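Heads up, the thing below is written out as structure tokens.
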Amino acid sequence: MAKILIVEDEKAIRNVLRNILKDENKDFEIEEAENGKQALDLMSEKEFDLALCDIKMPGMDGIEVLEQVREKHPDTAVVMISGHGDLDTAVESMRKGAYDYISKPPDLNRLINTVRNALDRNTLVRENKVLKKKVGRNFQMIGDSPALEQIKEMIEKVAPTEARVLITGPNGTGKELVAHWIHQKSERNKAPMVEVNCAAIPSELIESELFGHKKGAFTSAVKDRKGKFEQANEGTLFLDEIGDMSLSAQAKVLRALQEGKITPVGGDKEIKVNVRVLAATNKNLQEEIKEGKFREDLYHRLSVILIKVPPLNDRKEDIPVLTEYFAQKIAEEQGMSLKKFNDSALKELQKIDWTGNIRELRNVVERLIILGGSEISASDVQTFASK
């Protein structure tokens with residue numbers, strides 16, 4: 001559960017803030033500090049998800065606390081508490097890394113929404129850090145075939161820019177991996193990369209998923225919900241299987257890209273968003289356009305840069321190194337001894353028609369490790385790799 005630190009020299013306001021937060025969620029772990037030094041001492045002892053910090057305090061003021069928190073505890077979101085005359089300072093604090101500010105006396109709805117959003121944002125940032133570790137372990141671009149080297153070179157050129165990228169290729173080729181590497185090598189890599197599988201979300205819910213909704217917008221909308229565009233603000237939004245998105249949602253995505261604004265379902269206020277959009281599809285969008293299933297104007301917005309990920313059959317020279325990588329990874333995951341694939345086994349794997357691409361290869365390697373001999377041979381491949 002979220003750990004929140006209230007930094008405020010006035011006891012009455014600390015009590016008000018504590019009561020509001022406890023009414024919102026009784027499971028919040030809340031601690032209090034009456035000055036900046038005490039707050040920093042507490043933070044050195046334990047990790048907090050959020051700090052509500054007064055600006056005007058005796059001794060060390062809120063801005064000094066903010067600067068030290070951003071330096072020493074970058075994972076802690078900071079919301080500044082400003083008196084009426086402190087608004088200019090509050091705005092300046094946001095430039096120094098504060099998530100937001102609230103005014104005294106605190107408005108209930110304003111405070112709760114700010115806390116919710118700050119905690120949601122913090123969760124995404126932390127998940128993104130975990131994702132970065134996974135990118136290092138699980139999303140490596142394995143191989144040195146000319147086709148893969150060309151993609152790596154393209155990523156190096158495209159990633160530092162703000163250009164939108166459309167990634168195409170058959171299922172199982174690694175389109176998601178390409179998107180992750182573009183984000184990680186971009187200037188936005190400290191912010192979240194938020195993924196949306198457009199094919200997995202019912203058409204009637206896709207707009208709510210992307211743009212959020214207001215309480216009461218539809219039957220199951222029991223509270224306000226931030227959409228993926230807003231969650232990805234300052235970061236990257238990856239729209240996987242974009243070819244499966246409804247035309248209605250396509251129109252709204254196009255508007256969001258054109259104007260940098262979204263409107264939640266059931267809402268009437270526009271929200272500014274700053275996201276870099278990466279999209280992927282296994283469909284031929286040119287054909288989808290001809291059939292009236294995909295907007296041509298959206299296609300041109302998304303495909304500033306086009307990266308085509310080749311099927312495994314077009315890069316079979318990478319199969320030996322991919323097999324070795326998967327064998328080692330599967331052995332670690334399952335606590336098994338590492339099995340070697342001899343040369344004849346690797347040559348046999350290169351003869352297979354890999355219609356399921358890299359995903360299929362991984363499954364076959366796992367099957368061979370489980371069912372094959374102590375050293376995987378051509379005979380094992382012929383016996384256990386058949387479709």
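Descriptive notes on the structure:
- Residue count for segment 95-134, restricted to those that are of a type in the set (A, V, I, L, M) and at pLDDT 85 or above: 8.
- Cβ pairs under 6 Å, 6+ apart, first in segment 1-24 and at pLDDT below 90, second in a helix (DSSP H, G or I): 2/119; 24/112
- Being surrounded by fewer than 19 Cβ atoms within 10 Å (Cβ to Cβ) and either at pLDDT below 95 or outside the structural domain of residue 97 (by TED's automatic domain parsing) (or both) is not true of residue 230.
- Residue within segment 26-46 that is in contact with a helix residue (DSSP H, G or I) (Cβ under 7 Å, 6 or more places away or on another chain), outside any loop (DSSP other than H, G, I, E, B) and touching a residue at least 40 places away in the same chain (Cβ under 8 Å) present: no
- Answer residue from segment 362-379, given it is out of contact with any helix residue (DSSP H, G or I) (no Cβ under 6 Å at 6 or more places or on another chain) and surrounded by 13 or more Cβ atoms within 10 Å (Cβ to Cβ) and is farthest from residue 310 (Cα to Cα) among those: 379
- Criterion violated by residue 70 - all others in (1) in contact with a Gly (Cβ under 8 Å, 6 or more places away or on another chain); (2) of a type in the set (Lys, Arg); (3) assigned to a loop (DSSP other than H, G, I, E, B); (4) within 24 Å of residue 1 (Cα to Cα) satisfied: (3)
- Listed by position, the helices (runs of 4 or more DSSP H) inside segment 291-359 whose residues that are under 22 Å from residue 177 (Cα atoms), in contact with a helix residue (DSSP H, G or I) (Cβ under 7 Å, 6 or more places away or on another chain) and of a type in the set (S, T, N, Q) number at least 1 are 319-334.
- Only residues that are touching a strand residue (DSSP E or B) at 6+ places or on another chain (Cβ under 8 Å), of a type in the set (A, V, I, L, M, F, W, C) and part of a loop (DSSP other than H, G, I, E, B) were counted in segment 188-233, giving 7.
- Residue 323 falls short on exactly one of the conditions (1) closer than 26 Å to residue 169 by Cβ; (2) in the same structural domain as residue 188 (by TED's automatic domain parsing); (3) hydroxyl-bearing (Ser, Thr, Tyr), and that condition is (2).
- Among residues of segment 1-40 being in contact with a strand residue (DSSP E or B) (Cβ under 6 Å, 6 or more places away or on another chain) and among the small types (Gly, Ala, Ser), the one that is surrounded by the fewest Cβ atoms within 10 Å (Cβ to Cβ) is 33.
- Number of residues in segment 167-199 that are closer than 21 Å to residue 274 by Cα, surrounded by 17 or more Cβ atoms within 10 Å (Cβ to Cβ) and polar (S, T, N, Q): the value is 3.
- The single condition among (1) closer than 23 Å to residue 154 by Cβ; (2) assigned by TED's automatic domain parsing to the domain that holds residue 173; (3) without any contact (Cβ under 8 Å) to a residue 60 or more places away in the chain that residue 280 does not meet is (3).
- Answer residue from segment 240-250, given it is surrounded by 14 or more Cβ atoms within 10 Å (Cβ to Cβ) and out of contact with any Ser or Thr (no Cβ under 7 Å at 6 or more places or on another chain) and is modelled with the lowest pLDDT among those: 249
- Selection within segment 80-101 - buried (at least 20 other Cβ atoms within 10 Å of the Cβ) and in contact with a Ser or Thr (Cβ under 6 Å, 6 or more places away or on another chain): 80, 82, 90, 101
- Only one of 47, 24, 31 that is touching a His at 6+ places or on another chain (Cβ under 8 Å), in the same structural domain as residue 108 (by TED's automatic domain parsing) and more than 21 Å from residue 90 (Cα to Cα): 47
- Within segment 201-227, considering residues that are within 17 Å of residue 248 (Cα to Cα) and charged (D, E, K, R), the one modelled with the lowest pLDDT: 204
- Within this structure, residue 60 passes the test of being assigned by TED's automatic domain parsing to the domain that holds residue 110, buried (at least 16 other Cβ atoms within 10 Å of the Cβ) and in a loop (DSSP other than H, G, I, E, B).
- Search result, residues across segment 73-109 that are outside any helix (DSSP H, G or I) and among the polar types (S, T, N, Q): 76, 82, 103
The values are calculated or read from the model by the stated rules, or taken from the named source; none is laboratory data. Since the model is a prediction, treat every value here as computed from it, not as a measurement. Methodologically, a virtual Cβ is constructed for each residue, glycine included, from the backbone with ideal geometry; neighbour enumeration extends over all protein chains shown.
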